[in-house]
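Here the structure is laid out as structure tokens; the discussion comes afterwards.
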Amino acid sequence: MKTFKGRVIVPGTASAEALVSHEGFNTLASYQMALMFGDLKAMGKDTEVHCGDQNNPEVYKKPMMGKALCLPQTIGSTTGGMVLYAACAMGKQPACMLFSKHIDSLAASGAILGDVWTDASMPVIDELGDEFLEYVQTGMTVTVKEDGVVEVE
Amino acid sequence: MILNQEQQALLDGSKGDVMAKIVKTLVMYGDAFGAERMVPVTSKYGHTVISFGIGVMDPVYDLYDQIINAGIISDQKFTADPRPLDKNVPSTPLDDLVFKKIMYTKQDRYEEQIRKLGVTSDDDYTCACYLDQVGNVPGKGDVLSWAESSAVVYANSVLGARCNRNSGILELMGSIAGFVPEFGLLTDEGRKADWVVEVRCEKKPEAQLLGSAIGMKVMEDVPYVKGLDKWLGTELNDSAKAYLKDFGAATASNGAVGLYHIENLTPEAVEQGEALIKEGAQVYVIDDAELERVYKNYPVIWKKPDAKPQLAFIGCPHLSLQQLKDWSNKVLDGLKKNGRTKVAVPTVFTAPVPVIREFEQTMESYHLKKTGAVVSYICPLMYMNNPLCKSKAVITCSNKLRTYTSARYYTDAEILDIVTGGAK
């Protein structure tokens, strides 16, 4: 097990399986088919939301809902924050978002809109460092503490 | 974050709970970036990225209802991104069923909402709101609360305005409050370049390819691009602005660029030159081989990669008037060369309504119509945002459309060759 310490953007605790994107995570491309059209698999309760970003083979077609999404930053369209907010409002959000770098403005917008305007719980930690993203692998268990400590095992 | 008395009162609920939540959202947003204060939004108009009423996005419209029901409207009027539907764009009965009965069932509800909130006009739905015909043209140094990645990067880079890459919903909150947190691209330091990009191409680089390569390399950093003035000149004329519009959209969608500087061309680069480059900036050299490498690496996700193209979209972001005229002339010349009178592939050019109106007064429009090509105000991205399009062989010269959909990217020349029937 390895422990990392980051900065708390949205407080909370979570424990979930990691889904790792070493490239910038394109929020619109990842979620648009699942959320904006209404991925049929995503419509039912407790079913998955699959990543639709064909340009990011590491996460393409993988389930995102309830995962500990580990990423450097998000990229792409400025609808990204709105998409993340909508995921939170529908209860389809990741369990947490863990950024190795400083959070970007779109991810911050989405996370904050989700926190202020919905009941969803999605702790967000940033500045976990490059070593975090080098160490964590998809499938590992990630635990987020209230103070921004992230345990990976 | 230190708020002034009025901002603190709003946060404390002096204008109700909804306004307090709007200000709380803006404060948290600023805190995430170490903003120390709010600054007034000084542009005449805002711009929202949300232009669609998608059935499953109810939470967004419910939030807007909360704002409207609280009696809150935007301090400034705003333009909006392009509409997702236009009956002039080719579609099958099944497409129409999906668009109208499943996907965009909330379009009327949403348009009614933004009328109440302050959209400038029913004609002002475009991602290229900064074109003269639309008239949302901020001045140098203006502080904006905009979203739409291609518009933000254009306003920052070509117009010298100041805007962060805000998200949809949050941009409206800044327009409503009349202030935004000061950080990032709103500050002098945040506008300095982290990268020097040296363009060493032997021919004029394709705007959408160059932007894509730079976006993927620098992500959200600010690039200072050298060597492009050789191809674009040193005057921000219509041609240079159109190139930078398309280039910027690709940097913003293939990466997360909110501002770029072009040596000897964009306003801050002209004024400050290399003083804009941060100490220790990284260097990225781009030549023809590098652009070719980037192009070859784009995935083709058509079900049948060798399928015959069924539809071509040209104009993401929306075309300027000069671009529409240029494309028309190129299509007409290409058809003539290939002994045809009609386009070989259903082709849609997209542009803002006020630009289309002006274009319709020209001879180019008259001739283009005869080729069967369509000029539309639609958002191609919204059109393609459904599973039916995955089985359609749609081609585009937009790297933004390629990024978000199954559309296949070709260069301008290749697209022209295909739609005019010259391609083998």
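Hey, what angle do you get for helix A:105-117 against the long axis of chain A, alpha-carbon based, 0 to 90 degrees rounded to 10? The angle comes out near 80 degrees.
Model label points for B:Lys342 and B:Asp132, set 7 angstrom from Cα along the Cα-to-Cβ axis, are 3.7 nm apart. 3J(HN,Hα) along the range B:273-290: x, 6, 5, 6, 8, 5, 4, x, 4, 7, 10, 10, 9, 10, 10, 4, 5, 5 Hz, from the Karplus curve 6.51 cos²θ - 1.76 cosθ + 1.60 with θ = phi - 60°, whole Hz, x for Gly and Pro. Beta bridges per DSSP, both residues in the protein assembly as shown: antiparallel share near 30 percent.
Residues whose amide H lies under 5 Å from that of A:Ser100, counting only those 5 or more places away or on a different chain, are A:Leu71, A:Leu128; hydrogens are built 1.01 Å from N in the peptide plane. Would you give the gap between the C-alpha center of the range A:66-102 and the C-alpha center of the range B:328-357, rounded to a whole Å? First find each Cα centre; the distance between them is then 40 Å. Taking a sphere under 14 Å around the Cβ of B:Pro317 and counting the other residues whose Cβ falls inside, with K and R at +1 and D and E at -1, yields a net charge of +1. Modelled this way, with points 7 Å down the Cα-to-C-beta line, the labels at B:Arg37 and B:Asp306 are 6.6 nm from one another. A cut-off under 11 angstrom between Cβ atoms defines the neighbours of B:Val394, and their net charge, with Lys, Arg +1 and Asp, Glu -1, is +4. Taking every C-alpha pair closer than 8 Å and separated by at least 6 residues, the mean separation divided by the residue count of chain B gives a relative contact order of 17 percent. Nearest 0.05, what FRET efficiency do B:Asn4 and B:Thr187 give at R0 = 22 Å with Cβ-Cβ as r? With a Förster radius of 22 Å, E is 0.75.
A simple count of charges around B:Gly248, restricted to other residues whose Cβ falls under 11 Å of its Cβ and scoring Lys, Arg +1 and Asp, Glu -1, yields +2.
Annotation: amide H-H contacts under 5 Å for A:Val149 (H modelled 1.01 Å from N, sequence separation of 5 or more, or interchain): A:Gly6.
For the range B:8-160, averaging the sequence separation of C-alpha pairs within contact (under 8 Å, six or more residues apart) and dividing by the residue count gives a relative contact order of 30 percent. Past 27 Å, Cα to Cα: identify those pairs from B:Lys100/B:Lys342; B:Lys77/B:Lys101; B:Lys140/B:Lys245; B:Lys101/B:Lys342; B:Lys308/B:Lys336, in the order given. Pairs exceeding 27 Å: B:Lys100/B:Lys342; B:Lys77/B:Lys101; B:Lys101/B:Lys342. Given axes a ≥ b ≥ c from the Cα gyration tensor, I'd like to know whether the range B:130-210 is rounded (a/c under 1.5), prolate (a/b larger than b/c) or oblate. Prolate shape, in that a/c is at least 1.5 and a/b is the bigger ratio. Quick check: the distance between the Cα centres of the range B:24-48 and the range B:83-161, to the nearest angstrom? Cα centroid of the range B:24-48 versus Cα centroid of the range B:83-161: 21 Å apart.
Each label point was placed 7 Å from the Cα along the Cα-to-Cβ direction; for B:Asn264 and B:Arg109 their separation is 5.5 nm.
If you put +1 on each Lys and Arg Cβ and -1 on each Asp and Glu Cβ, how big is the dipole of chain B around its Cα centre, in Debye rounded to 20?
Working: 48 positive and 54 negative charges, 371 e Å.
Dipole about the Cα centre, nearest 20: 1780 debye.
If I take every Cα pair under 8 Å that is 6 or more residues apart in chain A, average their sequence separation and divide by the length, what percent do I get for the relative contact order? Present the calculation step by step, with values, prior to reporting the outcome.
On the way: 380 pairs, mean separation 55.6, N = 153.
Computed over chain A, the figure is 36 percent.
Listed values for the range B:292-297 are Karplus-derived 3J(HN,Hα) couplings in whole Hz (6.51 cos²θ - 1.76 cosθ + 1.60, θ = phi - 60°), namely 5, 4, 4, 4, 5, 8, and x replaces Gly and Pro.
Is there a quick way to get the dipole size of the protein assembly as shown? I mean about its Cα centre, with the Cβ of Lys and Arg at +1 and of Asp and Glu at -1; what is the value in debye to the nearest 20?
It comes to approximately 2160 debye.
Which residues does the label zone of A:Thr13 cover in the range A:84-115, counting backbone N under 19 Å from a point 7 Å along Cα→Cβ? Under 19 Å, as judged by backbone N against the label point of A:Thr13, lie A:95-98 of the range A:84-115.
In this structure the amide hydrogen of B:Val119, modeled in the peptide plane, comes within under 5 Å of the amide hydrogens of B:Phe78, none closer than 5 places in sequence on its chain.
Each stretch of four or more DSSP H residues adds -39500 (n - 2.57); spread over every residue of chain B, this sum gives -11000 deg cm²/dmol at 222 nm.
Bear in mind these aren't lab numbers, they're just calculated from the coordinates by the rules spelled out. Predicted, not measured: the structure shown is a model, and the values here were computed from it. Note that each Cβ is placed from the backbone with ideal geometry, even for glycine, and that neighbours are counted across all protein chains shown.
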